[in-house]
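Student: One structure is given below, represented as structure tokens, and several questions about it will come after.
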Amino acid sequence: MAAERDPEGRAAARPLLTDLYQATMALGYWRAGRARDHAEFELFFRRCPFGGAFALAAGLRDCVRFLHAFRLRDADVQFLASVLPPDTDPAFFEHLRALDCSGVTVRALPEGSLAFPGVPLLQVSGPLLVVQLLETPLLCLVSYASLVATNAARLRLIAGPDKRLLEMGLRRAQGPDGGLTASTYSYLGGFDSSSNVLAGQLRGVPVAGTLAHSFITSFSGSEVPPDPVLAPAAGEGPGVDLAASVKEWLERVCAHLGLGVQEPHPGERAAFLAYALAFPRAFHGLLDSYSVWRSGLPNFLAVALALGELGYRPMGVRLDSGDLLQLAQEVRTVFRATAAHFQVPWLESVPIAVSNNIDEEELARLAQEGSEVNVIGIGTSVVTCPQQPSLGCVYKLVSVGGQPRMKMTEDPEKQTLPGSKAAFRLLGYDGSLLLDLLQLAEEPPPQAGQELRVWPQGAQEPHTVRPAQVEPLLRLWVQQGQLCEPLPSLAESRAFAQLSLSRLSPEHKRLQSPALYQVALSERLRALVDCLRGGGPL
């Protein structure tokens with residue numbers, strides 16, 4: 001019943017979707033009497049993906065759902081008992097049975113926010129044992145979602161605002177959970193729809209789909225529709241035998257195109273006819289099952305023109321092989337000539353969709369000026385993120401008991417920033433983004449119009465900046481286990497992502513060799529880092 005009230009709950013992660021060492025550390029904390037020590041972790045990434053200069057934050061909604069449902073069932077505890085040492089104190093397992101996230105607080109970037117290296121996507125605080133157990137599931141929920149959303153945003157930037165992008169990668173995705181995540185967050189990143197029906201049911205993603213080659217090749221041409229009569233679109237007047245009308249139109253179309261009436265494949269035509277009878281208001285033709293020019297196009301035109309006489313308009317055609325850009329241009333030329341010949345102006349603007357392993361390079365070709373492509377279906381290149389399969393998010397301890405903690409290592413890139421922090425985005429007088437600022441939570445927030453000394457990450461000297469506007473980045477979403485404000489819908493987060501990207505300067509949005517966006521530390525945070533590195537007193 002709970003799943004019926006919250007269908008998304010069926011997709012929530014389970015507590016044991018984690019690494020075993022989270023459970024072994026939990027036992028260690030409990031045995032040391034530290035299970036309830038207050039601790040804070042930050043989830044962030046160190047480098048922007050795909051060689052770019054930005055990422056989109058995503059996965060917050062999944063994290064909140066996971067925290068709400070977090071509870072170890074008897075079967076979960078029994079399994080942990082089977083993999084932990086047999087002499088583990090039974091009282092530890094009773095402690096696990098009582099765990100929930102009622103003591104957990106989460107601050108986070110809103111979904112669809114621009115995100116940059118080192119700036120927390122999530123800040124998670126609460127009892128040490130619990131927030132440690134949350135590490136792996138939260139990383140799993142945020143990392144891939146943000147990666148896919150960023151990948152989709154890059155593809156949208158290449159395609160421009162006018163091309164419709166369809167995500168159709170479920171069959172190529174890394175399992176059903178990966179497929180659902182990819183469909184959800186490619187939509188957030190800027191795609192218009194998905195072929196994934198479950199993403200529509202559970203997440204509200206607009207779904208789209210028509211027909212495959214198997215539908216067309218399943219017909220031989222000998223099939224007789226049980227009821228070929230179709231009523232006019234307006235609902236007035238007698239019905240028409242659509243099969244007979246298509247046959248008449250085929251002769252006229254073939255004469256116009258200089259083809260023999262026997263050349264178009266009869267099975268393909270029967271498939272188009274069957275689909276048109278099932279979907280007269282959404283007829284769509286897949287043109288390349290046999291030959292685009294000798295079969296697919298004339299068969300489509302015959303059915304489309306027969307439907308047109310009854311007041312219906314086809315929804316489009318799809319090309320799935322060959323030089324898609326050139327084919328689309330040539331198909332459009334035929335549409336225009338046929339529209340003029342038969343005096344049916346609507347035929348000129350029938351949408352042309354393309355698919356077939358489209359990557360960033362091919363998408364750039366299809367989106368160039370003069371392209372006649374209207375809809376682009378992308379599968380593998382959006383769901384598998386082939387240029388970079390992982391965002392590399394990390395979840396690091398920054399304070400325990402109010403005292404800062406810092407990971408210090410021989411690799412400077414893997415050192416962490418200590419202490420509970422606030423994050424702000426500083427903007428110039430023209431509304432441009434200047435930099436993101438990290439500072440200690442107890443510091444007063446920066447003020448618009450006031451000069452600040454900051455330390456850009458990696459810089460040896462401070463930098464002075466005077467922001468015209470200051471925006472706090474991290475919002476309080478969950479406090480002591482309770483949701484503080486309603487989460488935006490997926491469609492709202494999608495719109496926010498596009499707004500966020502519109503504010504980013506072109507040099508930072510470049511997909512090749514972009515200018516890096518600055519993230520800086522306040523002087524007090526920088527001083528704390530230097531102090532801990534040097535081993536001095538806090």
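Student: Could you tell me how many of the residues in the stretch 484-529 are assigned to a helix (DSSP H, G or I) and among the hydroxyl-bearing types (Ser, Thr, Tyr)?
Tutor: 3
Student: Across the stretch 258-309, which residue is farthest from GLY239 (Cα to Cα) among those that are among the hydroxyl-bearing types (Ser, Thr, Tyr) and outside any loop (DSSP other than H, G, I, E, B)?
Tutor: The selected residue is SER295.
Student: Suppose the filter is modelled with pLDDT of 95 or more and outside any helix (DSSP H, G or I); does ALA35 pass it?
Tutor: Taking the combined requirement at face value, the residue satisfies it.
Student: Could you check the stretch 68-79 and list, in sequence order, the residues that are open to solvent by 20 Å² or more (accessible area, probe 1.4 Å), of a type outside the set (Asp, Glu) and either part of a helix (DSSP H, G or I) or within 23 Å of GLY112 (Cβ to Cβ) (or both)?
Tutor: HIS68, ALA69, ALA75, GLN78, PHE79
Student: If I ask for residues that are surrounded by 12 or more Cβ atoms within 10 Å (Cβ to Cβ), within 17 Å of LEU525 (Cβ to Cβ) and not hydroxyl-bearing (Ser, Thr, Tyr), which ones from the stretch 411-434 would you list?
Tutor: Once the filter is applied, which keeps residues that are surrounded by 12 or more Cβ atoms within 10 Å (Cβ to Cβ), within 17 Å of LEU525 (Cβ to Cβ) and not hydroxyl-bearing (Ser, Thr, Tyr), the stretch 411-434 yields GLN415, LEU417, PRO418, GLY419, LYS421, ALA422, ALA423, PHE424, ARG425, LEU426.
Student: Got at least one residue in the stretch 157-166 being over 30 Å from PHE45 (Cα atoms), open to solvent by less than 70 Å² (accessible area, probe 1.4 Å) and not small (Gly, Ala, Ser)?
Tutor: yes
Student: Can you go through PRO161, PRO127, PRO137, PRO117 and tell me which one is farther than 30 Å from PHE70 by Cα and at pLDDT 95 or above?
Tutor: PRO161
Student: What residue, among those in the stretch 190-210 that are touching a strand residue (DSSP E or B) at 6+ places or on another chain (Cβ under 6 Å) and touching a residue at least 40 places away in the same chain (Cβ under 8 Å), is surrounded by the most Cβ atoms within 10 Å (Cβ to Cβ)?
Tutor: Among them, the one singled out is PHE191.
Student: What residue, among those in the stretch 159-216 that are of a type in the set (A, V, I, L, M) and under 11 Å from the mean Cα position of the chain (by Cα), is nearest to ASN356 (Cα to Cα)?
Tutor: The selected residue is ALA182.
Student: Name the residue, out of PHE300, PHE342, that is open to solvent by less than 10 Å² (accessible area, probe 1.4 Å) and either in contact with a helix residue (DSSP H, G or I) (Cβ under 6 Å, 6 or more places away or on another chain) or not hydroxyl-bearing (Ser, Thr, Tyr) (or both).
Tutor: PHE300 is the lone residue from the list that is open to solvent by less than 10 Å² (accessible area, probe 1.4 Å) and either in contact with a helix residue (DSSP H, G or I) (Cβ under 6 Å, 6 or more places away or on another chain) or not hydroxyl-bearing (Ser, Thr, Tyr) (or both).
Student: Tell me the residue from GLU369, GLU361 that is closer than 30 Å to LEU504 by Cα, outside any loop (DSSP other than H, G, I, E, B), open to solvent by 20 Å² or more (accessible area, probe 1.4 Å) and without any contact (Cβ under 8 Å) to a residue 24 or more places away in the chain, please.
Tutor: GLU361
Student: Just the residues that are of a type in the set (A, V, I, L, M), surrounded by fewer than 16 Cβ atoms within 10 Å (Cβ to Cβ) and closer than 22 Å to ALA115 by Cα, please, taken from the stretch 442-484.
Tutor: If the condition is that a residue be of a type in the set (A, V, I, L, M), surrounded by fewer than 16 Cβ atoms within 10 Å (Cβ to Cβ) and closer than 22 Å to ALA115 by Cα, then ALA448, ALA459, ALA468, LEU476 are the ones that fit.
Student: Any idea which of (1) open to solvent by 40 Å² or more (accessible area, probe 1.4 Å); (2) within 32 Å of the chain's Cα centre (by Cα) is the one LEU437 doesn't satisfy?
Tutor: Every listed condition holds for LEU437 apart from (1).
Student: Of all residues in the stretch 310-338, how many are assigned to a helix (DSSP H, G or I) and surrounded by 17 or more Cβ atoms within 10 Å (Cβ to Cβ)? Write out each step before concluding.
Tutor: Residues of the stretch 310-338 assigned to a helix (DSSP H, G or I): 324-338.
Now drop any that are not surrounded by 17 or more Cβ atoms within 10 Å (Cβ to Cβ), which leaves 324-325, 327-328, 331-332, 334-335, 338.
Total satisfying the criteria: 9.
The values are calculated or read from the model by the stated rules, or taken from the named source; none is laboratory data. Computed from a predicted model, the values in this text were never measured in an experiment. All Cβ positions, even for glycine, are placed from backbone atoms using ideal geometry, and neighbour counts span all protein chains on display. Just the protein is used for accessible areas: all its heavy atoms, side chains included, with ligands, DNA and RNA removed. Shrake-Rupley method; radii C 1.70, N 1.55, O 1.52, S 1.80 Å.
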